Amino acid sequence: AAPGPGGAGAAATGDRILLGHVGSLTGSEATFGDSTDKGIQLAIEEVNAKGGVKGKPLALKTYDNQGKPEESAIAATRLVLQDRVSVLLGEVASTRSLAMAPIADANHVPMITPSSTNPRVTKENGRVRPFVFRVCFIDPFQGTVMAKFARDHLKISRVAVLRDVGNDYSMGLADYFLAKFKELGGTVVDDQSYKAGDQDFKAQLTTIKGKSPEAIYVPGYYTDVALIARQARELGMKQPLMGGDGWDSARLYEIGGKALEGSYFSNHYSPEDPAPRIQDFVKRYKERFGSVPDSLAAQGYDAARIAADAMGRAKDLSGEAIRDALAATRDYPGVTGVISIDADHDAVKPAVVLEIKGSAGHYVATVQPDQPQ
Ligand code: PHE
């Protein structure tokens, strides 16, 4: 069983540095929160085994937000005001990170989202949020990666889109993908939407089917995507689906079965990457938790390691000093790539493209950030 809230730091009492994590440990994106928390725990255990930060052990307090933005704000407030954490980690979903970001800024507590990719998480109305950072790439890049892959590699010229209207990530990523796809000479034959938690997607899929696209871009989260894929196959649609990081969960294949074979998605890393740094991480994570770390676990691990690295370099453990050290992060060797924080508080990193075969995403390509612009 997974250790409960604060599991990783349960042994640490008294003079310790507390990190707070807000994640979806339950609900339809439960694997996002669970994997992220495990990655964070592993990072903290490794840092503590090497003497901690500034001679103090790290401890972790985790709250479940049930996948809800309101609960994310409540949990972030509690971590900041009641638990007095030094750094906030989370969320995965951009909509939920957007609910936490103003709380981090207002209280001068640095927040690092491991995996939220919507640009607004770190920059609202052209202004960089002073205390909010991410250790992942952003969706203008991720959308471009898949649009280029569809045009250049799959030679697709007609696509349809099916996006989640209540999800900032999905809405943004659909727009970035479409803009690049059209710029590259492709045609968008349909642009449909759904709401997270919907069970029946057949009306939208039937409309899309009538426009005969060669592929369908579905930038959503795994539970909805799996149902969409199954229903598309039930309607006799054979086109590959394409998507983004939100597909990354073992549950995608459990729910979707064979419906996703031959589909593609972009992601932050692949556990199949032979790079020694990645294979070492996969081995340590497997030993600790008995499963292969997905992207969320790797991102959670990197977020916590970067928090520790920044606190180690900070002149003291005030929010301002940690913030300055985070902003100065350059060439940090993460398991999800070499991480440098740019002026927008985003990480400039490559993306990978995965093809689904035999109920797993297999590594196809790595795309560097300066390649597709
Ligand atoms: N990038 C997604 C978002 O911003 C979250 C996500 C990241 C989901 C990585 C899965 C894997 O909402």
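The values are calculated or read from the model by the stated rules, or taken from the named source; none is laboratory data. Just so it is clear, the structure is predicted and the values come from calculations on it, not from any experiment. So basically every Cβ, Gly included, is an ideal-geometry build from the backbone, and we count neighbours across all protein chains shown. Protein only, heavy atoms only, side chains kept; ligands, DNA and RNA dropped before computing areas. Shrake-Rupley method; radii C 1.70, N 1.55, O 1.52, S 1.80 Å.
Arranged from highest to lowest average of other beta-carbon atoms within 10 Å per residue, in what order do the peptides 84-93, 121-130 appear? Write out the running numbers ahead of the final one.
Working: 84-93: 27.1, 121-130: 14.9.
The densest-packed peptide leads the list: 84-93, 121-130.
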With every protein chain in place, the accessible area of Tyr194 for a 1.4 Å probe, in Å² rounded to the nearest 10, comes to 10 Å²
If you place +1 on the Cβ of every Lys and Arg, -1 on the Cβ of every Asp and Glu, and leave all else neutral, what size is the dipole of the chain about its Cα centre, to the nearest 20 Debye?
240 debye
I want to make sure I understand the PRE zone here: with the label point 7 angstrom from the Cα of Asp370 toward its beta carbon, which residues in region 334-358 have backbone N atoms less than 20 Å away?
334, 337-352
Please work out the Cα center distance from region 76-124 to region 161-221, rounded to the nearest Å.
29 Å
Calculate, for region 91-147, the solvent-accessible area per residue in square angstrom, rolling a 1.4 angstrom probe over the heavy atoms of the protein chains.
24 Å²
Take every Cα-Cα distance within region 268-333, group them into 5 Å bins from 0 onward, and report for each bin the whole-number percent of pairs it holds.
3, 17, 22, 19, 13, 12, 10, 3
Inter-label distance, nm, simple model (7 Å from Cα along the C-beta direction), Ser28/Asp342:
3.2 nm
DSSP bridge pairs, the chain: antiparallel proportion in percent, nearest 5:
35 percent
Report the accessible area of Phe201, computed with a 1.4 Å probe over the heavy atoms of all protein chains in place, in Å² rounded to the nearest 10.
0 Å²
With equal scatterers on the alpha carbons only and no solvent term, can you work out the Debye log10 of I(q)/I(0) for the chain at 0.10 1/Å?
-0.58
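Of all trypsin sites (Lys or Arg not before Pro) in region 175-280, which ones are in loop regions per DSSP and have a Cβ with at most 16 other Cβ atoms within 10 Å?
Numbers: sites: Lys180, Lys182, Lys195, Lys202, Lys209, Lys211, Arg230, Arg233, Lys238, Arg251, Lys258, Arg277; in loops: Lys195, Lys211, Lys238.
Answer by residue number: Lys195, Lys211, Lys238.
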What accessible area per residue comes out for region 250-373, rounded to a whole number of Å², with a 1.4 Å probe?
41 Å²
Using 0.36 nm times the number of residues separating Ser291 and Ala321, minus their current alpha carbon distance, what extension gain do you get?
7.2 nm
Reach of Lys349 by Cα under 21 Å, taken over lysines that are not fewer than 8 positions away in the same chain:
Lys123, Lys148, Lys180
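As a test, work out the antiparallel percent of DSSP beta bridges whose residues both lie in region 231-373, rounded to the nearest 5. Write out the running numbers ahead of the final one.
Details: 14 of 16 bridges.
If I count the DSSP bridges inside region 231-373, around 90 percent turn out antiparallel.
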Select from Ala160, Tyr217, Leu184 the residue farthest towards the positive end of the dipole of region 102-251; place +1 on Cβ of Lys and Arg, -1 on Cβ of Asp and Glu, and compute about the Cα centre.
Leu184
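Order of 316-326, 29-39 by packing, highest average Cβ count within 10 Å first? Don't skip to the end; give the middle numbers.
Working: 316-326: 17.4, 29-39: 26.8.
Per-residue mean Cβ counts within 10 Å order the peptides as 29-39, 316-326.
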Write down the percent of antiparallel bridges among all DSSP beta bridges whose residues are both part of region 27-164, to the nearest 5.
40 percent
How many Å³ per residue does the convex hull of the Cα positions in region 154-212 occupy?
81 Å³
Spin-label point model (7 Å from Cα, Cβ direction): what's the His153 to Gln199 distance in nm?
3.6 nm
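For each pair in Lys38/Lys315; Lys56/Lys286; Lys38/Lys283; Lys68/Lys238, compute the distance between the two Cα atoms and list the pairs where it is over 24 Å.
Details: Lys38/Lys315 29 Å; Lys56/Lys286 27 Å; Lys38/Lys283 14 Å; Lys68/Lys238 34 Å.
Those over the limit are Lys38/Lys315; Lys56/Lys286; Lys68/Lys238.
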Cβ-Cβ cut-off under 13 Å around Ala43, Lys and Arg +1, Asp and Glu -1: the net charge is 0
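Can you tell me, using C-alpha contacts under 8 Å and at least 6 residues apart, the relative contact order of the chain as a whole percent?
On the way: 831 pairs, mean separation 65.0, N = 373.
RCO, the chain: 17 percent.
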